[in-house]
Ligand code: DCP
Ligand code: MG
């Protein structure tokens with residue numbers, strides 16, 4: 001690729017190289033030109049589908065194309081995603097549905113069809129894997145790609161490979177993606193979020209520190225609301241302020257997180273793009289307000305946590321074969337118990353029943369401050385939960401769970417309470433909402 005000067009680049013629509021400083025493509029007239037001085041030397045990418053669930057529904061029903069579309073539960077549920085037209089009206093993910101409909105009364109509400117989204121997510125992933133074996137999925141609709149060393153294979157530098165990829169996803173799958181290109185994962189992910197939808201942003205080495213200086217600390221991976229509040233109390237609001245503090249100082253103040261703040265604030269992120277980086281386990285846990293010992297108090301919490309784990313598995317299209325129970329005693333001793341199942345599961349009921357068997361051996365009067373449940377030994381959910389010919393009861397419960405899932409999709413989580421969660425566990429912190 002001979003081009004490498006700042007004014008040069010290519011057209012994202014027809015991929016024609018642009019040699020002059022024009023505002024429109026010299027070949028097709030499109031204004032979607034991409035130029036950057038480091039365009040052809042960067043190879044770490046992050047791809048994220050735009051308004052993913054909503055985009056899939058619009059693809060499957062073209063009459064929705066120009067309408068505001070919200071994917072989520074009924075009136076009592078929350079918004080899973082809103083298309084960009086609904087977002088202009090103020091609708092956001094995780095917003096209660098009634099608020100979303102106040103903001104955008106004309107919105108078309110569609111209940112989620114997880115199986116379909118998992119299927120489409122896999123198609124997009126397969127297209128990524130055709131570009132490089134180094135694809136690290138982050139969630140159903142996003143992944144990191146390391147394209148270094150692929151130029152010979154593709155006959156093109158990574159930037160062009162990505163632009164071609166975005167075009168192919170639109171043509172072949174019928175939804176759009178946004179791409180970020182940089183020299184590390186941290187900045188590639190920030191870049192992909194920059195000009196959504198149908199965005200393509202580049203952050204080069206030269207500009208990284210200056211660019212980061214202007215950004216809020218919350219842009220740093222791992223800085224959530226609580227930690228941001230701590231930093232704010234210490235007078236730290238921008239990444240630029242972090243850039244002025246020594247490593248030892250940051251570490252003294254914030255421990256290992258301080259180390260991360262030091263490196264990331266300076267645009268230094270050595271994390272590899274690793275195809276094996278996928279989650280090793282999926283779990284949920286909760287710490288109680290007051291320590292609990294009674295089975296009657298612990299069981300409803302176990303049930304709610306099992307449902308949370310199950311929902312995450314279903315969303316990600318995976319299943320786990322080993323169920324792990326975790327307890328922390330009053331005096332901070334941790335007990336973990338494992339049980340392997342015959343087949344991987346993603347069902348709340350199987351996770352719960354297995355957890356219950358293990359829990360019943362631990363409810364010996366010991367007071368616990370924490371309870372957690374999870375699954376490991378993860379796999380694709382293709383072989384999960386085969387119809388159980390021996391245990392007909394389990395089969396009935398699995399069918400019931402499918403029905404409950406669809407009712408919850410329709411009417412929200414509170415609409416369907418199982419016998420174990422209903423009105424119990426008053427002493428416990430309620431686990432976080434299921435639909436996060
Ligand atoms: N999702 C959800 N509940 C949330 C956030 C997301 O159910 N609180 C689901 C719906 C999204 C999908 O996950 O379509 C992907 O999440 P993203 O954060 O990537 O959001 P979108 O793809 O919807 O929008 P964006 O264009 O901002 O990426
Ligand atoms: Mg997305």
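The values are calculated or read from the model by the stated rules, or taken from the named source; none is laboratory data. In this text the structure is predicted, and so the values were computed from the model without any measurement. Cβ coordinates were reconstructed from backbone atoms using ideal geometry, including for glycine residues, and neighbour counts include every protein chain displayed.
General observations
- Only one of 90, 121, 73 that is on the phi > 0 side of the Ramachandran plot and not assigned by TED's automatic domain parsing to the domain that holds residue 312: 90
- Filter pass, residue 82 being more than 14 Å from ligand 2 (Cβ to nearest atom) and closer than 16 Å to residue 175 by Cβ: no
- Every condition in (1) closer than 30 Å to residue 136 by Cα; (2) away from ligand 1 (no atom under 15 Å from the Cβ) is met by residue 62 except one, and the failing one is (1).
- Across the range 139-166, the qualifying residues are those that are within 24 Å of the chain's Cα centre (by Cα) and more than 17 Å from residue 182 (Cα to Cα), and the one among them that is surrounded by the most Cβ atoms within 10 Å (Cβ to Cβ) is 141.
- Lone qualifier among 366, 286, 290 - being in a strand (DSSP E or B) and surrounded by fewer than 18 Cβ atoms within 10 Å (Cβ to Cβ): 290
- The set of residues from the range 31-55 being surrounded by fewer than 24 Cβ atoms within 10 Å (Cβ to Cβ) and within 15 Å of ligand 1 (Cβ to nearest atom) comprises 48, 50, 52.
- For residue 189, the requirement of being crowded, with 21+ Cβ neighbours inside 10 Å, within 13 Å of ligand 2 (Cβ to nearest atom), under 26 Å from residue 57 (Cα atoms) and not assigned by TED's automatic domain parsing to the domain that holds residue 315 is met.
- Residue 321 vs. criteria in the same structural domain as residue 404 (by TED's automatic domain parsing), more than 27 Å from the chain's Cα centre (by Cα), outside any helix (DSSP H, G or I) and at pLDDT 90 or above: no
- Taken together, the criteria place residue 359 among residues that are touching a residue at least 24 places away in the same chain (Cβ under 8 Å), in a helix (DSSP H, G or I), touching a helix residue (DSSP H, G or I) at 6+ places or on another chain (Cβ under 7 Å) and farther than 30 Å from residue 137 by Cβ.
- Any hit, the range 168-177, residues being more than 16 Å from the chain's Cα centre (by Cα) and within 11 Å of ligand 1 (Cβ to nearest atom): yes
This table checks each residue for (1) free of Cβ contacts under 8 Å to residues at least 40 places away in the same chain; (2) in a helix (DSSP H, G or I); (3) under 27 Å from residue 44 (Cα atoms).
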position	(1), (2), (3)
208	no, yes, yes
212	no, yes, yes
226	yes, yes, no
232	yes, yes, no
240	yes, yes, yes
248	yes, yes, no
252	yes, yes, no
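- Of the criteria (1) within 15 Å of ligand 1 (Cβ to nearest atom); (2) touching a strand residue (DSSP E or B) at 6+ places or on another chain (Cβ under 8 Å); (3) farther than 20 Å from residue 157 by Cβ, which one residue 67 fails: (1)
- Among the numbered conditions (1) at pLDDT below 95; (2) not in a helix (DSSP H, G or I), the only one that residue 373 does not meet is (1).
- If you go through the range 255-265 and keep only what is crowded, with 16+ Cβ neighbours inside 10 Å and touching a residue at least 12 places away in the same chain (Cβ under 8 Å), you end up with 257, 260, 261, 262, 264, 265.
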